[in-house]
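Undergrad: Handing you a structure now.
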Amino acid sequence: MPAVGPVGRRIRYGATIATMGSDVTVQAEEPRARPYRSERRRLQARRTRQRILASAAAEFSARGYAATTVAGIAAVAGVSVPTIEQVFRTKVNLLQAAIDWAIAGDDEPSPILDRQTIRSAAEAPVVDDFLAAVSAVVVDVAERAAGLVLVALEAAAGESRLQSLAEQLRSNRDIMAGWIVDELRKRGALRRGIDRREAVDVVWLLMDPAVYTRLRAERGWSRQRFREWFADSTARLVTDSSGRTGPAPERAQSLP
């Protein structure tokens with residue numbers, strides 16, 4: 001049975017005794033961290049981070065990059081400026097994190113192409129069903145993130161610290177457009193006379209956040225109308241109508 005020290009705390013004997021007659025050392029056991037406390041703190045920290053990101057997204061979208069201040073975001077989020085600086089360090093990092101959060105719809109560290117909605121779209125064997133599923137994802141992402149992406153792209157023209165973020169956003173759109181085109185190619189749906197690069201350029205343009213924002217905010221389009229327009233435009237501009245019903249059929253061998 002462990003000994004009890006003078007202050008009533010359990011102690012254990014030292015692991016080794018070099019020789020008989022040596023002094024026996026005792027060491028107090030370190031108090032064990034309570035799991036529920038660390039879990040509660042983790043959840044509190046995550047909720048605080050989400051609140052900051054939501055406030056940052058709203059402030060950047062409404063005011064633009066230059067007019068938005070960390071102090072203003074802190075006031076909306078109900079936290080201190082040092083709290084934001086401790087988590088995100090810089091205003092640029094905060095904008096990037098807000099965009100990532102808006103694109104994904106959450107703060108899980110999972111790339112968009114690994115999400116279930118994308119995997120479900122990839123499983124659609126019929127081209128029309130694939131484009132309908134993809135257009136739904138495009139609209140969901142644009143509804144949350146198009147305004148923020150435009151803030152970053154426009155501010156990057158006069159803010160060197162945002163240029164790498166702007167390039168990353170353009171590259172991400174290129175990757176997504178390339179994935180859509182490659183999925184259409186797998187189904188044998190690309191129309192004749194268009195190569196992969198041109199098809200990617202077309203889809204990349206259709207996904208432009210400025211197009212979405214202007215059609216929604218300035219022309220009064222609904223989300224459903226944009227979804228249908230995106231799917232139909234992609235089909236008409238880059239696919240062969242004969243491939244829209246599914247994978248290209250295997251060619252029958254001619255009889256001798």
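Residues are listed down the side, and each one gets a yes or a no for (1) surrounded by 10 or more Cβ atoms within 10 Å (Cβ to Cβ); (2) among the acidic types (D, E); (3) part of a helix (DSSP H, G or I); (4) at pLDDT below 95:
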| site | (1), (2), (3), (4) |
| --- | --- |
| V7 | no, no, no, yes |
| R12 | yes, no, no, yes |
| M20 | no, no, no, yes |
| R47 | yes, no, yes, yes |
| R51 | yes, no, yes, no |
| A56 | yes, no, yes, no |
| G72 | yes, no, yes, no |
| A75 | yes, no, yes, no |
| I84 | yes, no, yes, no |
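Undergrad: Given the conditions (1) under 18 Å from the mean Cα position of the chain (by Cα); (2) crowded, with 16+ Cβ neighbours inside 10 Å, report the number of the one that D128 does not fulfil.
TA: It is condition (1) that D128 fails.
Undergrad: So is R173 part of a helix (DSSP H, G or I) and modelled with pLDDT under 95 or not?
TA: no
Undergrad: Here's another thing I want to ask about it. Being at pLDDT 95 or above, surrounded by fewer than 15 Cβ atoms within 10 Å (Cβ to Cβ) and not in a helix (DSSP H, G or I) is the requirement here; does G193 meet it?
TA: Details: at pLDDT 95 or above: no; surrounded by fewer than 15 Cβ atoms within 10 Å (Cβ to Cβ): yes; not in a helix (DSSP H, G or I): yes.
When the stated conditions are applied, G193 does not pass them.
Undergrad: Same structure, new question: Criterion first (crowded, with 17+ Cβ neighbours inside 10 Å, of a type in the set (S, T, Y) and under 24 Å from A152 (Cα atoms)) does T68 satisfy it?
TA: Values: crowded, with 17+ Cβ neighbours inside 10 Å: yes; of a type in the set (S, T, Y): yes; under 24 Å from A152 (Cα atoms): yes.
Yes; evaluated as a whole, the condition is true for this residue.
Undergrad: Check segment 110-121 and report whether any residue there is more than 16 Å from the chain's Cα centre (by Cα) and surrounded by fewer than 16 Cβ atoms within 10 Å (Cβ to Cβ).
TA: Among the residues of segment 110-121, at least one is more than 16 Å from the chain's Cα centre (by Cα) and surrounded by fewer than 16 Cβ atoms within 10 Å (Cβ to Cβ), which makes the answer yes.
Undergrad: For segment 217-256, name all the residues that are among the polar types (S, T, N, Q), more than 16 Å from P125 (Cβ to Cβ) and either modelled with pLDDT of 95 or more or under 31 Å from the mean Cα position of the chain (by Cα) (or both).
TA: Correct list: S222, Q224, S233, T234.
Undergrad: While we're on this one: Filtering segment 114-146 down to residues that are part of a helix (DSSP H, G or I) and among the β-branched types (V, I, T), which residue is modelled with the lowest pLDDT? Spell out the reasoning first.
TA: Of segment 114-146, the ones part of a helix (DSSP H, G or I) are 114, 116-122, 127-146.
Cutting the leftovers down to among the β-branched types (V, I, T) gives us 117-118, 127, 134, 137-139, 141.
On the way: T117: 89, I118: 92, V127: 95, V134: 97, V137: 95, V138: 97, V139: 97, V141: 95.
Residue satisfying both the conditions and the ranking: T117.
The values are calculated or read from the model by the stated rules, or taken from the named source; none is laboratory data. Computed from a predicted structure; not experimentally measured. Using ideal geometry, Cβ is built from the backbone for each residue, glycine included, and neighbour counts are taken over all protein chains shown.
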